[in-house]
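Data block below; observations after.
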Amino acid sequence: MSRDLNQRIFVAGHRGMVGSAIFRSLQTAGYRDILCAGRDELDLLDQRAVRDYFSENKIDQVYLAAAKVGGIQANNNFPAEFIYENLIIEANVIQAAHQSDVQRLLFLGSSCIYPKHAEQPMKEQALLTGTLEPTNEPYAIAKIAGIKLCESYNRQYGRDYRSVMPTNLYGPHDNYHPENSHVIPALLRRFHEAVRSGIAEVVIWGSGDPMREFLHVDDMAAASIYVMELETRVYQESTLPMLSHINVGTGVDCTIRQLAETIAKVTGFQGSLRFDSSKPDGSPRKLMDVSRLRSLGWEATIGLEDGLRDAYLWFVDNQLDARG
């Protein structure tokens, strides 16, 4: 492992769920010079502003966690914004990093880069082997482009730009919007409000049978730093020049029914669950193959129930009265 605590590190997207977790983890690890810039300080969609920021700050490493994100409904309603903004952010940051001679960068992607009908569990080699899920295809295309940007700068300029692809993430600083959130924050909020209001039944979309994998964001942050700190030789020997990304997950999944039952336990909901089979299930299973990362010596440590409890406590402490 390569760790120089005096490196100047820029965390792009430090106010988001993943970026804030990486920032906390870097502080815990002892890094002394961590740069952050909110949207009011640095607009990552502004190429000149990004270039000037890098030129002025003499950055050594970059964690590129900034992105426009949202649930199925948001992706369906705003596909142009999702592909445009994500392409521009990653292009601006990666190009500015190169122009300022930043040798090491970590790009954070998403499991949606894989084909809709990819063989389970999904291996890194499944990339670009089939049709993407239509609802989030624009976002997925942008994330695939980010991987290829990193690989292209590596091949042409000898950079050390790496990519990690997380499974479904949850935890502190998640988005609990009633319409635009992902499944865990949506269910945590729904069960919480049911307990507060004395509602006896919670309805969950779908049959409850699909299987999903979930990773606590603190584990994702730990994995990101672990991959970033790998010796260049080790990283290169474990990947391929044009297949260089690494999956990050638990390697374990559960049914949506099991997830809902665990959330009911965590939130103290004692009523009944009803699964509305008239609503879509989505893919029957989405599980990441994490054997590449395990072979490099890293595994997730936060169990689902403990992680959900942590996420729920953060929600109660920070967004108890949120209305979206």
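Before moving on, here are some points about what is shown:
- Cβ-defined net charge surrounding Glu124, 10 Å radius [Lys, Arg +1; Asp, Glu -1]: +1
- Estimated dipole of region 44-112 in Debye, rounded to 20 [Cβ of Lys and Arg +1, of Asp and Glu -1, Cα centre]: 80
- The smallest convex shape that holds all Cα atoms of region 1-137, its convex hull, gives 137 Å³ per residue.
- Total formal charge among the other residues, if their Cβ is under 13 angstrom from that of Glu41, Lys/Arg +1 and Asp/Glu -1: -3
- Alpha carbon centroid spacing (whole Å) that separates region 1-66 from region 147-213: 22
- Cα lying deepest toward the dipole's positive end in the chain, options Pro172, Gly307, Leu243, charges on Cβ: Leu243
- Projecting the Cα atoms of Ala65, Gln47, Tyr157 onto the charge dipole of the chain, computed from C-beta unit charges around the Cα centre, puts Tyr157 farthest toward the positive end.
- Rounded to 5, the percent of DSSP beta bridges in region 8-319 classed as antiparallel: 10
- For region 168-292, the share of DSSP beta bridges that are antiparallel, to the nearest 5, is 25%.
- Neighbour-limited loop hits for GluC sites (Glu not before Pro), region 57-137 (at most 13 other Cβ within 10 Å; DSSP other than H, G, I, E, B): Glu119
- Within the chain, longest stretch clear of exposed trypsin sites (Lys or Arg not before Pro) (DSSP loop, no more than 15 other Cβ within 10 Å): 59-322
- Label of the coordinate-derived value, Cα Rg over 2.2 N^0.38 Å, listed as [x] 0.94; [y] 1.05; [z] 0.99: [z]
- Calculated [θ] (222 nm, deg cm²/dmol) that DSSP helices of n ≥ 4 give over the chain, each run adding -39,500 (n - 2.57): -13500 deg cm²/dmol
- Cross-linked pairs Lys123/Lys143; Lys143/Lys286; Lys143/Lys265; Lys58/Lys148; Lys58/Lys123; Lys116/Lys265: Cα-Cα separations exceed 28 Å for Lys143/Lys265; Lys58/Lys123; Lys116/Lys265.
- Size of charge dipole - region 8-319 - debye, nearest 20, with Cβ of Lys, Arg +1 and Asp, Glu -1, no other charges: 200
Bear in mind that the values in this text are calculations on the coordinates, not laboratory data. Computed from a predicted model, the values in this text were never measured in an experiment. No Cβ is skipped: glycine too gets one built from the backbone with ideal geometry, and neighbour counts run over all protein chains shown.
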